[in-house]
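Each remark here refers to the structure printed beneath this line.
The values are calculated or read from the model by the stated rules, or taken from the named source; none is laboratory data. Remember, predicted model here, so these are calculated numbers, not experimental data. Backbone-built Cβ (ideal geometry, glycine too); neighbour counts: all protein chains shown. All accessible areas refer to the heavy atoms of the entire protein, side chains included, with ligands and DNA or RNA removed. Shrake-Rupley method; radii C 1.70, N 1.55, O 1.52, S 1.80 Å.
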Amino acid sequence: MPCRAWAADVFGDEVCDWSTFNEHERQVNVSRELKTEMGTELNNNGDDCCSHSQPDRSAAAINASVLATRQTVFRVAGMDCSDEVALIEKAIHSVDGVREVSANVVTMKVTIAHDERVTQRALIDAIGSAGLKAQPADVRSVGDEANLAQRARWISVGLSASLTVIGLIVRWIAFGPQWLNIALFIGAIIAGGWFIFPKALSAARRFAPDMNLLMTIAVLGAAFIGEWEEAAAVVFLFALSEMLEAFSIRRARRAIESLLDLTPATALVIHGETLEEVAVEEIAIGDHIRIKSGSRVPLDGEVVGGTSAINQAPITGESMPVEKQEGDSVFAGTINGEGSLEVRVTRPASDTMLAKIIHLVEEAQSQKAPSQRFVDIFAKYYTPAVMLLALLVFLIPPLVGGGEWFTWTYRALVLLVIACPCALVISTPVSIVSGLTAMARRGVLIKGGAFLESIGRLRALALDKTGTITEGQPRVIEVIALNGKSDNEILRIAAAIDSHSNHPLAQAVTTFATERKVEVPRSENYHSLTGRGAEAEIDGHKYFVGNHRFTHELTVCSDEIETQLSKIQNRAQSVVIVGHHPHADCKGEVLGILAIGDAIRTNAAQAIRDLHAAGIERVVMLSGDNQRTVDAIAKEAGIDEAHGDLLPDDKIERVRALLSEHQHVGMIGDGVNDAPAMAAATVGIAMGAAGTDTAIETADIALMKDDLSKVAETILLGRRTLHIIQFNIASALAIKAVFLVLAVLGYTSLWLAILADTGATILVILNALRLLRNPREALMP
């Protein structure tokens, strides 16, 4: 998509969902390799390169290669941090025929692109060699195993803590022999390292040093120099830190899984006069289902019978129920009110709007934000650098300066502990997942952490007029009754004539009359007058609806009418004049005027005020409508600046001008017609995405409901997420820097260093999880 391709240029490939693109690119590369190989072979065979049969043979080989590529998805229990991801990726890449690996910690999914000759068993064994258990993605028992693993972690940490405390007490009161004290600490080390040491061994075998290996070396070193209590304390605190990291990931995971709980597992399928309870996966498109009052909608569909109010908050974030009647759409996961509905299924369970939302949230959180890429790059160089420093501290002072081996060995071990970037690595992903999930609950889909961060930096916002500030369709704004007539009388006559027409203004009149519950009489002898209006007979009298020009032709215009028309036209609204047609017994007269326009959304002005309050310095409206119209609408909505008569290319130039001035600019549109301008902006935002798949695919951020006020909420959450990430990174780095200096100078200890790291991990996790509180609270400063 255009705006996603643009985002990739700015933020890097990780920003977007590149699975489709990578697959295509890989196939192209395979095709090129085959062509090159075959071309070389043909050239070596002389004239065969000109044979007509060769292109066919080449194409067949290429197609066979493309078809031979498969994609397998596994769920991996215990994959809770970046260390496991690195081990898994390295293990799977060792399998011949694997082309690409993508691991998603939050969903516990590993996606592998591989040749057809690679078996599922070979991939499962490769993941198993990294110390983790994989099962096919459709096996749900992985979640149970993850729960068991979490309980085992609690037991491991609890037993390690208990034995460490007992050992310290025994040592403090000098009770029993020395070997008992050491045995207690060894027990604490084994209990706490139950999940650490196997991963460290796997990392060592693969020459992929990670945090587990660093901690294991530090613990073994401390035991070697006789610091058993410190070794036990390091293992316990690191195990606690790992458990907290796993807990934070599981907390974010449950936030996404809670979306799955929105839909019932079964639905009531209508078979004639009977109802059958069927699993939603077995229900086909076109089946009719019954939705009882108070129950959740199981599948997307169209109402074919009954009326009810439905709470659509889980999908669109709307606070008020929406009335549904025959012909209206309903979404899976929404809650039916008091009425009973018969619904024709329009999408299978795997393709509902809620399923798309869940998939997009899962994909979005796996895409790395700029701050997360910074952390990854920093940790990549920071950890080896500190390890090298630890080696130098271990060797140089004793060998060159005559320092004590014990002292400098201990300080080197402390540096190894400080090299562990736990708090730093976990600081960003938990914040991103929390922010994405918090907004998904409110009907706002954000395609990735990059866009969540970007919207937090916005300083200017461009928006389309039609469908964004306005409702996007003509509507009767005002009824002006003249000559003693009432509003309903005017509507009664206008709707009777316009009921024969499909013109947008005529449909606006009939719709408004229906909404006002006006009883519309039957009209006869209808005639459409191109460029003027229409006329018909009602109850034996001849009436007309028409434009300003038509009133002059009928000689029924007056100064009073001219004044009224001038006021309406200055508001950039269209006029429909309703009157009695001149004939032999009547000179004719104007009975009333209807002002018709694209009505401004009721909350538009408040939404613009909220945008300014959220820190947007400039709101600019871009429209293809005439300048007079956009000026009038901008004035009414409180928009800072408006530009009309714009072609799509003109909108792009306006967005680029805003970018040069404000650097970070958002563009709001319908996700289709405004795609070029949305692509040019820092962030493209689509309105009303619940009604169209295209809007969801095109935009970087999709508002499931036509509600402009959601933009201000999203900006506030983006800013809050950005501040939390910045605080987490800064605090983690500051703690590392302080203890790095203290370690070299000898003013800290092993257990104090790991305690500081654990404390920093707890701090950043709790800070990030604040975004998963009540959405209203999460948006508070």
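Observations on the model:
- Based on protein heavy atoms only, region 398-526 ends up with 37 Å² per residue of surface accessible to a 1.4 Å probe.
- ³J(HN,Hα) computed for each position of region 122-129 - Karplus, 6.51 cos²θ - 1.76 cosθ + 1.60, integer Hz, glycine/proline x: 4, 5, 5, 5, 5, 5, x, 5
- Between D115 and S94, the modelled labels are 1.9 nm apart [label points 7 Å from Cα along Cα→Cβ].
- Zone of Q507's modelled label, taken as backbone nitrogen in region 605-637 under 12 Å from a point 7 Å along Cα→Cβ: none
- Efficiency of FRET between L180 and V741 - r from beta-carbon atoms, R0 45 angstrom, step 0.05: 0.75
- Other-chain or far-sequence residues with amide H under 5 Å of T307's (modelled H): S340
- Checked against a 32 Å cut-off, the cross-linked pairs K324/K651; K635/K710; K485/K567; K324/K485; K710/K736; K465/K567 give Cα-Cα distances beyond that limit for K324/K651; K324/K485; K710/K736.
- Summary of packing: across the peptides 324-337, 424-437, the per-residue average of other C-beta atoms within 10 Å ranks them, highest first, as 424-437, 324-337.
- With R₀ fixed at 22 Å, the C-beta to C-beta distance from H583 to T530 puts the FRET efficiency at about 0.55.
- For region 374-413, carbon and sulfur atoms together expose 77% of the accessible surface, with a 1.4 angstrom probe and every protein chain in place.
- For peptides 273-282, 514-523, 344-353, sequence by mean Cβ density within 10 Å, most packed first: 344-353, 514-523, 273-282
- Extension gain, T407-S162: 0.36 nm per intervening residue step, less the Cα-Cα distance, totals 85.3 nm.
- H552-D351 pseudo-label distance in nm [points 7 Å out on the Cα-to-Cβ vector]: 5.5
- Percent accessible area from carbon and sulfur atoms, region 510-568, protein chains only, probe 1.4 Å: 44
- Region 162-221 - accessible surface per residue (Å², probe 1.4 Å): 54
- Karplus (6.51, -1.76, 1.60) ³J(HN,Hα), θ = phi - 60°, over region 382-396, in Hz, Gly and Pro reported as x: 5, 4, x, 5, 5, 4, 5, 4, 4, 5, 5, 5, 5, 9, 5
- 3J(HN,Hα) along region 280-285, derived from phi through the Karplus expression 6.51 cos²θ - 1.76 cosθ + 1.60 where θ = phi - 60°, amounts to 4, 5, 9, 8, 9, 4 Hz, with x in place of Gly and Pro.
- Model label sites at V304 and V400, defined 7 Å from Cα along the beta-carbon direction, differ in position by 8.4 nm.
- Nearby lysines by direct alpha-carbon distance to K90 (threshold 17 angstrom, same-chain neighbours under 8 apart not counted): K109, K133, K199, K380
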